[in-house]
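S.K.: For reference, the structure I am asking about is given below.
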Amino acid sequence: MRRRTTTALVGSLVLLTATGCGAADMTKQASPFANAGGAKSVTLSVQSWVGAQSNVAVAQYLLEHELGYRVDTVQVDEVPAWDALSQGRVDAILEDWGHPDQEKRYVEDKKTIARAGDLGVTGHIGWFVPTYLAQQHPDITDWKNLNKYAGLFRTAESGGKGQLMDGSPSYVTNDKALVANLKLNYQVVFAGSEAAQITQMKQFAKEKKPFLTYWYAPQWLFKKVPMTEVKLPPYKDGCDADAAKVACSYPHTPLQKYLNAGFARSGGKAAAFLKKFRWTTEDQNEVSLMIADQKLSPEDAAKKWVDSHPQVWKKWLP
């Protein structure tokens, strides 16, 4: 899924929830720590959305405090992250929302990337309206009725049509094709980042205004702004194979981890730990809420979660 600018962030995990900006194309630059000869270090790719940051924060904390590794994190968008992982510029991606082209190229054909198992979290993208709006207009949750309500969602940015709010153009999205193929009187408007999208949704909700948005689970915001999913045409295998012809909902995707193939073979305890790293949606949301809403630093949020969940993470240690 979900998720480009021109800055690589190297060193300790940088909280990007507040800005939600994209990241550098790491295919053309390497972390100074990646594949450091003989060094007990690990480089983790971190995406811009808070759930992915939560994975990395906890993994980083345990790698450093329990296994004695130095951990470098680099923010990089979804597709460039695969290139970086293949080239050994990062060692691991801990949350991938499904990139079949990259998987075939690097895992199956080139064998430069290795599967590292499920994260334990199932992701789902969809279209959502605030629950208070769904209660006022119960039929608004059926896509066939959206044109009837287009006027409710009109904004200055939507050109006389209803606004479908998306986050970053770099995220996994079929929304432009869906609008066209379902013949909806809507305009996809990008907020620019997850954080900007959250800000807009929270403001709309505060004023009890209508909004229609691309959104995804797991996501801590559902606890603060209850939302109801709009039912799109059912997802069937292959219905999204041609990006230009998509006219179905998004799938429910078990989120996956991937390691650089060389690191998977010779990464020692760090590789073994990352293969075992597996938690629940509730675990991830707990850390995400601490970071994004309670404004804890990623390290402090990770420590708080680690201190209270030893029964979970001790199973991951090699």
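S.K.: Could you check the range 217-318 for helices (runs of 4 or more DSSP H) lying wholly inside it with 3 or more residues that are within 13 Å of residue 62 (Cβ to Cβ)?
M.R.: 268-276, 298-308, 310-313
S.K.: How many residues does the range 64-98 contain that are out of contact with any helix residue (DSSP H, G or I) (no Cβ under 6 Å at 6 or more places or on another chain) and assigned to a helix (DSSP H, G or I)?
M.R.: 6
S.K.: What pairs can you find where one residue is in the range 199-223 and among the charged types (D, E, K, R), the other is assigned to a loop (DSSP other than H, G, I, E, B), and their Cβ atoms are less than 7 Å apart, with a gap of 6+ or different chains?
M.R.: From the range 199-223, the pairs are 202/225.
S.K.: Would a scan of the range 176-189 turn up a residue that is open to solvent by less than 30 Å² (accessible area, probe 1.4 Å), modelled with pLDDT of 95 or more, over 18 Å from residue 247 (Cα atoms) and assigned to a strand (DSSP E or B)?
M.R.: yes
S.K.: I want to confirm something. Restricting to the range 193-239 and keeping residues that are open to solvent by 70 Å² or more (accessible area, probe 1.4 Å) and under 18 Å from the mean Cα position of the chain (by Cα), which single residue is modelled with the highest pLDDT?
M.R.: Here the answer is 199.
S.K.: Another question, then. Residue check: is residue 308 of a type in the set (S, T, N, Q), closer than 24 Å to residue 82 by Cα and more than 18 Å from the chain's Cα centre (by Cα)?
M.R.: Against the criterion (of a type in the set (S, T, N, Q), closer than 24 Å to residue 82 by Cα and more than 18 Å from the chain's Cα centre (by Cα)), residue 308 does not qualify.
S.K.: Kindly establish whether residue 53 is within 25 Å of residue 175 (Cβ to Cβ), polar (S, T, N, Q), modelled with pLDDT under 95 and open to solvent by less than 10 Å² (accessible area, probe 1.4 Å).
M.R.: No: the conditions fail for residue 53.
S.K.: Kindly list, by first and then second residue, each pair from a residue in the range 181-193 that is of a type outside the set (Gly, Ala, Ser) to a residue that is modelled with pLDDT under 95 and outside any strand (DSSP E or B), limited to pairs with Cβ atoms under 6 Å and residues at least 6 apart or on different chains.
M.R.: So the pair list comes out as 187/159; 190/169.
S.K.: Give the range 99-120 a look and list any residue that's in a loop (DSSP other than H, G, I, E, B) and under 22 Å from residue 51 (Cα atoms), or say none.
M.R.: 99
S.K.: Follow-up. Say we look at the range 114-137 and pick out the residues that are more than 25 Å from residue 313 (Cβ to Cβ) and in contact with a Leu (Cβ under 9 Å, 6 or more places away or on another chain); which of these is surrounded by the most Cβ atoms within 10 Å (Cβ to Cβ)?
M.R.: Of everything passing the filter in the range 114-137, 128 is surrounded by the most Cβ atoms within 10 Å (Cβ to Cβ).
S.K.: On the given criteria, is residue 61 modelled with pLDDT of 50 or more, in contact with a strand residue (DSSP E or B) (Cβ under 7 Å, 6 or more places away or on another chain) and open to solvent by 20 Å² or more (accessible area, probe 1.4 Å)?
M.R.: Criteria not met by residue 61.
S.K.: Please work out which residue is least open to solvent (accessible area, probe 1.4 Å), limiting yourself to the range 240-271 and to residues that are over 24 Å from residue 114 (Cα atoms) and of a type in the set (A, V, I, L, M).
M.R.: Out of the qualifying residues, it is 246.
S.K.: Moving on. How do the pairs read when you match residues in the range 57-86 that are of a type in the set (Lys, Arg) with residues anywhere that are not in a helix (DSSP H, G or I), using Cβ under 8 Å and keeping only pairs 6 or more apart or on different chains?
M.R.: Within 8 Å, the pairs are 70/33; 70/39; 70/40; 70/41; 70/42.
S.K.: Kindly provide the set of residues from the range 79-95 that are open to solvent by less than 10 Å² (accessible area, probe 1.4 Å) and of a type in the set (D, E, K, R), ordered by number.
M.R.: Of everything in the range 79-95, those that are open to solvent by less than 10 Å² (accessible area, probe 1.4 Å) and of a type in the set (D, E, K, R) turn out to be 91, 95.
S.K.: Sort through 170, 158 and tell me the only one that's under 26 Å from residue 252 (Cβ atoms), out of contact with any Ser or Thr (no Cβ under 7 Å at 6 or more places or on another chain) and assigned to a loop (DSSP other than H, G, I, E, B).
M.R.: So the residue among 170, 158 that is under 26 Å from residue 252 (Cβ atoms), out of contact with any Ser or Thr (no Cβ under 7 Å at 6 or more places or on another chain) and assigned to a loop (DSSP other than H, G, I, E, B) is 170.
The values are calculated or read from the model by the stated rules, or taken from the named source; none is laboratory data. Note that the structure is predicted; figures quoted are calculated from it, not measured. When we count neighbours, we look across all protein chains shown, and the Cβ atoms used for this are built from the backbone with ideal geometry, even at glycine. These area figures cover heavy atoms from the full protein model, side chains too; ligands, DNA and RNA do not enter into them. Shrake-Rupley method; radii C 1.70, N 1.55, O 1.52, S 1.80 Å.
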